[in-house]
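Take a look at the structure below.
The values are calculated or read from the model by the stated rules, or taken from the named source; none is laboratory data. Computed from a prediction, not measured in an experiment: that's the story for all the values here. Neighbour counts run over all protein chains shown; Cβ positions are idealised from the backbone, glycine included. For the accessible areas, the whole protein counts, side chains as well, though only heavy atoms, and no ligand, DNA or RNA atoms are used. Shrake-Rupley method; radii C 1.70, N 1.55, O 1.52, S 1.80 Å.
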Number of protein chains: 2
Amino acid sequence: MNIPERILMGPGPSTVPARILRAMSSPTLGHLDPRYIEIMDSVCIKLRKVYETENALTFPVSATGMAGMECVVTNLMEPGDEAIVCVNGVFGGRMVDVMERAGVTVHRLDVPWGEIFPLEMLGEAIQRYPKAKALGIVHAETSTGAHQPLEGLGNLLHDAGMLLIVDAVTSLGGHPLKVDEWGIDAIYSGTQKCLSCPPGLSPVSFSPRAVEITESRKTKVQSWYFDISMLKDYYKGSGKRAYHHTAPVNMIYALHEALTIVLEEGLEARHARHARLHRRLRAGLESMGIQYVPEHSLHTLNCIHIPEGADDAAVRAKLLDDYSIEIGAGLGPFAGKAWRIGLMGHSATQANVDLVLAALVDCLE
Amino acid sequence: MNIPERILMGPGPSTVPARILRAMSSPTLGHLDPRYIEIMDSVCIKLRKVYETENALTFPVSATGMAGMECVVTNLMEPGDEAIVCVNGVFGGRMVDVMERAGVTVHRLDVPWGEIFPLEMLGEAIQRYPKAKALGIVHAETSTGAHQPLEGLGNLLHDAGMLLIVDAVTSLGGHPLKVDEWGIDAIYSGTQKCLSCPPGLSPVSFSPRAVEITESRKTKVQSWYFDISMLKDYYKGSGKRAYHHTAPVNMIYALHEALTIVLEEGLEARHARHARLHRRLRAGLESMGIQYVPEHSLHTLNCIHIPEGADDAAVRAKLLDDYSIEIGAGLGPFAGKAWRIGLMGHSATQANVDLVLAALVDCLE
């Protein structure tokens with residue numbers, strides 16, 4: 001196939017360890033084979049640990065990260081429902097779009113790209129839109145690198161009878177994410193970011209409260225493929241294991257190995273590693289006079305202003321050609337103005353931090 | 001991971017060749033990496049050859065086969081549209097469900113499970129429902145093994161100003177499938193059947209006529225993930241290559257290798273192989289007194305009546321335990337009454353045919 005070996009330091013995918021690639025290339029089993037079911041059940045158990053949740057309905061949607069968003073939104077919301085959606089980057093905007101396609105009336109909260117939402121502002125919105133069924137917010141905004149604190153928000157929402165929906169595509173496996181403790185009702189992520197698994201699955205989790213709400217829907221979920229009323233019989237396996245769709249068997253092997261690696265390292269150690277390497281990268285960049293875009297930066301994604309005079313595309317091309325390092329371009333209003341350097345999972349090593357700093361010095365000369 | 005090596009002779013997945021597993025485990029590239037884009041473009045070119053089409057919009061949907069159905073239906077149909085859907089098994093029924101979830105008024109045609117639709121019956125339905133926008137039909141009904149002829153149907157529909165939607169999940173790569181010659185406007189398949197690639201992608205193709213209709217929609221496609229108005233900018237790559245979602249990179253490597261293998265063998269030779277091995281299996285089964293369910297059987301899936309006195313689950317368990325052979329159970333009204341023996345792609349070998357016959361003789365004793 002002639003595939004070059006890249007050092008993936010963009011917004012995802014991150015570099016996939018050989019162990020995961022090997023696991024993925026194990027022989028394909030039937031999706032109802034007893035051994036496959038064991039592996040799938042084990043994936044769900046490990047996912048609960050990584051999400052720090054006891055939610056029975058925790059499983060990988062058979063498609064990439066954005067399918068997780070669609071699965072969560074189309075199951076929880078019905079046409080005519082109202083929702084509050086927080087927009088400070090591409091993925092908050094995406095959630096507005098997905099909500100509207102599901103017939104939801106969206107009350108959109110905006111702060112400038114790169115900023116985060118203060119808890120008071122969210123509390124005010126909850127007061128202002130008492131008929132909202134849910135509030136959707138992005139924990140780790142991949143387009144800006146902003147890290148949204150979530151502590152306390154679940155309680156505010158539950159007191160008002162609302163649900164908390166969280167986009168954790170770029171934080172799961174890199175930042176603490178306490179689904180139960182923080183009162184998150186529905187959450188989705190991707191495999192190709194801090195889990196360092198190839199892209200292709202979207203781990204989701206639904207609280208019992210969220211599942212109950214889906215069970216009293218008046219309308220069918222508009223998507224057959226993402227309908228948890230059927231998927232839960234396949235993944236929860238309570239009683240008869242009902243066939244739904246053909247699961248992406250080898251991707252499940254890969255995710256199993258990726259989660260095993262995460263749990264071997266331990267969540268606390270893993271989060272600490274991401275924090276430490278972020279600080280190392282940040283110190284290096286700032287010593288070169290490079291500034292971060294967000295005040296509250298993720299550890300896993302470092303969104304920086306392109307230094308004055310630097311040629312965006314030329315520098316990224318030189319990084320790729322001379323160092324085989326991929327970093328990310330800016331999105332939306334940050335196109336041509338920002339770079340995004342990922343430190344996710346297997347890509348988050350001291351060697352990579354020091355290399356990307358050295359390579360940037362060279363490419364910016 | 002401790003994965004047993006199965007001989008996959010059920011309704012899919014089929015056995016995946018080592019070449020494909022190796023290609024799949026190549027290092028993960030970024031989904032915007034120039035080399036990845038080359039591979040993805042090459043996949044689309046090869047898919048056009050296998051579908052025998054010049055359709056520009058031919059690409060793999062980033063999810064398993066049923067997502068292809070959802071992609072086709074939600075893009076072509078709008079709420080309030082009418083459609084004719086032909087039901088002779090699980091997957092026709094599934095299309096009714098997916099259509100209704102998209103707000104479509106469905107005129108359902110039924111023949112008994114295992115039978116096919118005569119062209120005259122379809123022609124009468126086209127006359128009876130002149131406001132229908134499309135007719136949906138299953139080329140290869142995985143639940144019954146029935147093989148639906150499609151020649152002539154496209155012309156009837158186009159004369160009436162309607163579109164032809166085809167489910168080819170179990171035929172692509174095993175049976176002739178002439179998308180352009182047969183006037184198919186939208187078609188979807190899976191990778192894990194006659195292409196012998198792991199499950200995880202759904203190859204689709206849209207005719208220029210179908211694309212035009214999607215371009216004059218009054219409403220947004222209800223699914224963001226499957227919306228071809230955005231996907232076509234990623235896959236067709238006319239002008240600027242727009243980012244949509246993170247593609248399942250390693251699955252695309254696998255599909256690239258799978259399609260390479262199909263084209264190395266040649267479509268004609270491949271279809272002839274499936275036909276020959278079906279005849280060999282059929283002769284062997286019938287000499288054991290076992291009867292086929294459908295009169296018009298697929299080559300790729302052999303749906304047979306369980307011999308009287310045989311214990312369905314016990315025989316399948318013995319095949320799996322003693323021979324590591326997976327065959328499929330019956331679905332719906334055929335549960336406990338039929339078995340489904342797949343002869344798909346890499347699983348369709350003379351050795352496998354003779355082995356499964358010998359194993360059945362043993363397990364039925």
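Quick one: grab the alpha carbon gyration tensor of segment B:150-238, order the square roots of its eigenvalues as a ≥ b ≥ c, and give me rounded if a/c is under 1.5, else prolate or oblate depending on whether a/b is larger than b/c.
Oblate, since a/c reaches 1.5 and b/c is not below a/b.
Rounded to the nearest 10 Å², what accessible area does A:PHE226 have for a 1.4 Å probe in the complete protein model?
0 Å²
What is the set of long-range amide H partners of A:LEU301 at a cut-off below 5 Å, with H atoms built 1.01 Å from backbone N?
HN-HN under 5 Å from A:LEU301: A:LEU343.
Which GluC sites (Glu not before Pro) in segment A:230-295 pass both tests, a DSSP loop state and at most 16 other beta-carbon atoms within 10 Å?
Filter output for segment A:230-295: A:GLU295.
Determine the shielding of peptide A:226-236 by partner chains: average, over its residues, the number of Cβ atoms on other chains within 10 angstrom of each Cβ.
Across the residues of A:226-236, the mean count of other-chain Cβ atoms within 10 Å is 1.
Taking chain A as a Gaussian network, Cα atoms linked when under 10 Å apart, which of A:PRO11, A:PRO294, A:PRO307 shows the biggest mean-square fluctuation?
Of A:PRO11, A:PRO294, A:PRO307, the most mobile in the Gaussian network model is A:PRO307.
Lys and Arg at +1, Asp and Glu at -1: add these up for the other residues within a Cβ distance under 15 Å of B:ARG94 and post the number.
Its environment carries a net charge of -4.
Using Cα positions and a limit of under 23 Å, work out the lysines in reach of B:LYS131, with same-chain residues fewer than 8 apart set aside.
Candidates past the 8-residue exclusion: B:LYS218, B:LYS220.
From the residues A:ILE187, A:LEU285, A:VAL138, which one has its Cα farthest along the dipole of chain A in the positive direction, the dipole being from +1 and -1 charges on Cβ of Lys/Arg and Asp/Glu about the Cα centre?
A:ILE187
Looking only at segment B:54-91, which residues have a backbone nitrogen under 11 Å from a spot 7 Å from the Cα of B:MET121 in the C-beta direction?
Within reach of a label on B:MET121: B:86-89.
Kindly point out which whole DSSP H helices in chain B project their C-alpha atoms 24 angstrom or further along the helix axis while averaging a Kyte-Doolittle hydropathy of 0.0 or above.
TM-like helix candidates: B:34-51, B:249-265.
Which residues of segment B:60-105 end up with at least 30 Å² less accessible area in the presence of all protein chains than when their chain stands alone, using a 1.4 Å probe?
Residues of segment B:60-105 that lose at least 30 Å² of accessible area once the other chains are added: B:THR64, B:MET66, B:GLU70, B:ARG94, B:ASP97, B:ARG101.
Across peptide A:247-260, what mean number of C-beta atoms from other chains lies inside 10 Å of a residue's C-beta?
Taking all residues of A:247-260 together, the mean is 4.
What do you reckon, how do A:LYS133, B:LYS236, B:LYS131 stack up by accessible area (1.4 Å probe), largest on top?
In descending accessible area the options line up as B:LYS131, B:LYS236, A:LYS133.
Residues with amide H under 5 Å of B:ASP110's amide H, sequence separation 5 or more or different chain, H placed in the peptide plane at 1.01 Å from N; which?
B:VAL87
Could you order A:ASP311, A:ASP41, A:ASP33 by accessible surface area, starting with the largest, using a probe radius of 1.4 Å?
Largest to smallest exposure gives the sequence A:ASP311, A:ASP41, A:ASP33.
Normalising by the residue count of chain A, find the relative contact order in percent from Cα pairs under 8 Å and 6+ residues apart.
Answer for chain A is 25 percent.
P(r) for segment B:88-225, please, calculated from all Cα pair distances in 5 Å bins and given in %.
Whole-percent P(r) values from 0 Å outward: 2, 9, 18, 23, 23, 15, 7, 2, 0.
Summing both sides, how much accessible area is buried between B and A? Use a 1.4 Å probe and give Å² to the nearest 100.
About 5100 Å² of accessible surface is lost on pairing.
Run the 1.4 Å probe and let me know the accessible area of B:LEU29, rounded to the nearest 10 Å².
Solvent-accessible area, nearest 10 Å²: 0 Å².
So what's the gap between the Cα centers of segment B:4-50 and segment B:149-182, to the nearest angstrom?
Distance between centres, Cα-based: 26 Å.
Would segment A:150-200 count as rounded, prolate or oblate if I go by the C-alpha gyration tensor, calling it rounded below 1.5 in a/c and otherwise prolate when a/b exceeds b/c, oblate otherwise?
Judged from the Cα gyration tensor, segment A:150-200 comes out prolate (a/c at least 1.5, a/b above b/c).
Out of B:VAL61, B:VAL353, B:VAL315, any idea which swings most in a Gaussian network model of chain B, alpha carbons joined below 10 Å?
Of B:VAL61, B:VAL353, B:VAL315, the Gaussian network model singles out B:VAL315 as fluctuating most.
So which chymotrypsin sites (Phe, Trp or Tyr not before Pro) in segment B:24-95 pass both tests, a DSSP loop state and at most 15 other Cβ atoms within 10 Å of the Cβ?
Passing sites in segment B:24-95 do not exist.
How big is segment A:36-121 by the Kirkwood estimate over distinct Cα pairs, in Å?
Result for segment A:36-121, one decimal place: 14.9 Å.
Can you pull the percent of chain A's accessible area that's carbon plus sulfur, 1.4 Å probe, other chains left in place?
Carbon and sulfur together cover 51 percent of it.
Could you sort A:ARG128, A:ARG94 by their accessible area in this structure, using a 1.4 Å probe and putting the largest first?
Ranked from most to least accessible, the order is A:ARG128, A:ARG94.
Cut-off under 29 Å on the C-alpha distance; same-chain residues fewer than 8 positions from A:LYS193 excluded. Which lysines are left, in chain and number order?
Result set, ordered by chain and number: A:LYS46, A:LYS49, A:LYS178, A:LYS232, A:LYS236, A:LYS318, A:LYS337, B:LYS232, B:LYS236, B:LYS240.
Can you give me the long-range amide H partners of A:ILE325? Hydrogens built in the peptide plane at 1.01 Å from N, cutoff under 5 Å, separation of 5 or more residues or another chain.
Those lying under 5 Å, H to H, from A:ILE325 are A:ILE7, A:LEU320.
Using alpha carbon centroids, what distance separates segment A:99-123 and segment B:99-134, in Å?
Each part's Cα centre sits 44 Å from the other's.
Once you wrap a convex hull around the alpha carbon atoms of chain B, what is its projected area averaged over all directions, in nm²?
That works out to 17.9 nm², a quarter of the Cα hull's surface.
More than 24 angstrom separation, counting every C-alpha pair in segment B:218-365; what % is that?
Of the Cα pairs, 51 percent sit more than 24 Å apart.
Over what distance in Å are the Cα centres of segment A:197-247 and segment B:193-259 separated?
Computed from Cα coordinates, the inter-centre distance equals 24 Å.
Go ahead and run the numbers for FRET between A:ASN155 and A:ASP312, Cβ-Cβ distance against an R0 of 51 Å, rounding to 0.05.
0.75
Stretched out fully, how many nm does the piece from B:GLU212 to B:GLU181 gain, at 0.36 nm a residue minus the Cα gap?
Extending this stretch completely gives an extra 9.2 nm.
Using a Gaussian network for chain B with springs between C-alpha atoms less than 10 Å apart, which of these wobbles most: B:GLY174, B:GLY68, B:GLY332?
The residue that fluctuates most here is B:GLY332.
Could you compute how fast segment B:190-277 diffuses translationally, taking Rh as the Kirkwood radius over C-alpha pairs and applying Stokes-Einstein at 4 °C with viscosity 1.567 mPa s? Give it in µm² per second.
It comes out at roughly 84 µm²/s.
Give me the log10 of I(q) over I(0) for the protein assembly as shown at q = 0.06, 0.09, 0.10, 0.12 Å⁻¹, as the Debye formula computes it from C-alpha points; what are the numbers?
Scattering profile of the protein assembly as shown, log10 relative to I(0): -0.35, -0.79, -0.97, -1.36.
Is the shape of segment B:298-365 rounded, prolate or oblate, going by the alpha carbon gyration tensor and its root eigenvalues a ≥ b ≥ c, with a/c under 1.5 for rounded and a/b larger than b/c for prolate?
Oblate is the answer for segment B:298-365, as a/c is 1.5 or above yet b/c matches or exceeds a/b.
On average, how much accessible surface per residue is there in segment A:130-224, in Å², for a 1.4 Å probe, leaving out ligands, DNA and RNA?
For segment A:130-224, the per-residue accessible area is 27 Å².
So how much accessible area does A:THR191 have, in Å² to the nearest 10, using a 1.4 Å probe?
Its heavy atoms expose roughly 0 Å² to the probe.
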